[in-house]
Amino acid sequence: MADTVRRPVRVAVIGVGSLGQHHARIYASLGEARLQAVVDTDLDRAAAVAARHGVPALASHRDLPRELDAVSVAVPTSAHAPVVEACLERGLSVLVEKPMAPTLAEAAAMTRAAAGAGRLLCVGHTERFNPIVRAARRRVHDPRFIETHRLGAFTARGTDVDVVLDLMIHDLDVILSLVPSTVASIDSVGVHALTDRVDIANARLRFENGCVANVTASRISSERVRKLRVFESDSYLSIDYARQEGMIYTLRRSPGAPPEIVREAIGAENEEPLLAELRDFLRHVRGEDAPVVTAEEGMRALETALRVVEQIASSGRQAGS
């Protein structure tokens with residue numbers, strides 16, 4: 001696709017629900033993209049989104065136009081694998097929303113399909129593209145303890161999966177990208193509250209290098225909280241994902257003087273994380289160097305999340321025995 005360097009990337013969005021409609025909005029606003037179509041099994045919804053951007057509304061990904069370079073896939077997680085594999089087989093680059101798939105086997109099949117087709121497969125872990133996360137990453141060197149809280153009010157969106165795969169996986173992915181070590185053990189607990197799936201969960205990850213991460217996610221909270229804290233041997237860093245604000249406290253020692261704690265704001269220019277993510281995806285499709293979350297990284301986040309889910313389920317079975 002060398003000619004994509006000289007023209008906008010021709011892209012479509014498959015699944016234009018609560019998240020996919022924003023993929024369509026952003027692509028339609030970017031000069032480096034040309035939105036060609038939107039797809040949804042709910043044709044009324046597809047038509048409404050398509051009308052905003054002056055593109056065709058389609059009921060199936062099988063009806064996508066021939067002149068296409070890439071797609072965003074934002075259908076329900078259970079449908080990711082067949083849609084993604086079909087698009088890769090057509091020679092399209094793909095950005096699939098998180099979680100990558102409901103099972104590791106499906107995620108692995110998608111990864112193999114991308115390798116076989118020689119096409120790009122990226123996973124939509126949007127928080128990696130949050131400006132404050134990008135800025136904070138440069139200040140993190142050797143995390144010893146990480147704490148995250150991701151709390152949200154209840155909505156019907158995302159309830160086809162547990163809160164671990166719906167919300168916690170965002171923080172698991174960020175943590176895995178910050179800690180250069182393998183997860184040694186996981187201790188987790190979860191509770192069913194308003195759905196037949198886990199709605200609030202906590203996981204404690206221990207890494208082989210000694211780092212510990214404590215991760216909490218809830219979709220039944222009365223307030224919205226999205227925060228991450230990183231503790232190192234001589235510093236403490238705190239960020240607010242939603243406000244895109246951060247602060248770092250550093251312990252400094254000078255000869256002949258008592259230790260001093262220095263407080264410093266972490267600078268980041270506010271930008272919609274999804275916009276940053278899609279811009280980088282388009283750059284990558286055009287053959288330019290740009291950060292993306294690879295299929296392998298998406299699989300690692302999924303594997304960790306599924307370990308949390310399985311442990312919660314196992315604890316529940318033991319409690320009921």
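Numbers at a glance
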| read-out | value |
| --- | --- |
| Net charge of Cβ neighbours under 11 Å - reference G15; Lys, Arg +1; Asp, Glu -1 | -2 |
| Cleavage-rule hits (GluC sites (Glu not before Pro)) in region 65-129: DSSP loop, at most 14 neighbouring Cβ within 10 angstrom | E67 |
| Relative contact order, percent, region 46-169 [alpha-carbon distance under 8 Å, six or more residues apart] | 18 percent |
| H192, H80, H284 arranged by Cβ crowding within 10 Å, fewest neighbours leading | H192, H284, H80 |
| Helix 295-320 vs. the chain, principal-axis angle (Cα, 0 to 90°, nearest 10) | 70 degrees |
| For region 211-225, Karplus couplings with θ = phi - 60° (6.51, -1.76, 1.60), whole Hz, Gly/Pro x | 5, 10, 10, 10, 10, 10, 9, 8, 10, 10, 8, 7, 10, 9, 10 |
| Local electrostatic count, V198, Cβ distance below 11 Å [Lys/Arg +1, Asp/Glu -1] | -2 |
| Computed [θ] at 222 nm, helices only, for the chain once each DSSP H run of length n ≥ 4 contributes -39500 (n - 2.57) | -10000 deg cm²/dmol |
| Max mean-square fluctuation residue, GNM over the chain, Cα-Cα springs under 10 Å, options L302, L35, L176 | L176 |
| Amide hydrogen neighbours beyond the local backbone of S188, cut-off 5 Å, H modeled | R204 |
| Contour minus Cα-Cα distance for A193 and R144 (0.36 nm per residue) | 14.4 nm |
| Test item: Cα-centred dipole of the chain, Lys/Arg +1 and Asp/Glu -1 on Cβ, debye | 380 debye |
| With Cα atoms, 0 to 90° folded angle of helix 273-285 axis to the chain main axis | 60 degrees |
| Residue among V16, L104, G54 farthest towards the positive dipole end of region 2-124, charges placed on Cβ | G54 |
| Relative contact order of the chain, defined on C-alpha pairs under 8 angstrom at six or more residues apart (%) | 18 percent |
| Label assignment, Rg/Rh (Cα atoms, Kirkwood Rh) derived from the structure, set (1) 1.05; (2) 1.00; (3) 0.94 | (2) |
| Region 238-307: trypsin sites (Lys or Arg not before Pro) falling in loop per DSSP and having at most 13 other Cβ within 10 Å | R243, R253 |
| Fluctuation leader among V84, V183, V292 - the chain, Gaussian network, Cα springs under 10 angstrom | V183 |
| Long-range HN-HN contacts of A33 with modeled amide H, under 5 Å | V9 |
| For region 189-210 versus region 94-165, the gap between their alpha-carbon centres in whole angstrom | 16 Å |
| Fewest-first ranking of M247, M110, M168, using other Cβ atoms within 10 Å as the exposure measure | M247, M110, M168 |
| Rounded tilt (10° steps) of 169-178 against the dominant C-alpha axis of the chain | 60 degrees |
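Each value in this text was obtained by applying a stated rule to the coordinates, not by laboratory testing. Just so you know, these numbers come straight off a predicted model, no measurement behind them. With ideal geometry, Cβ positions are generated from the backbone for all residues, glycine too; neighbour counts draw on all protein chains shown.
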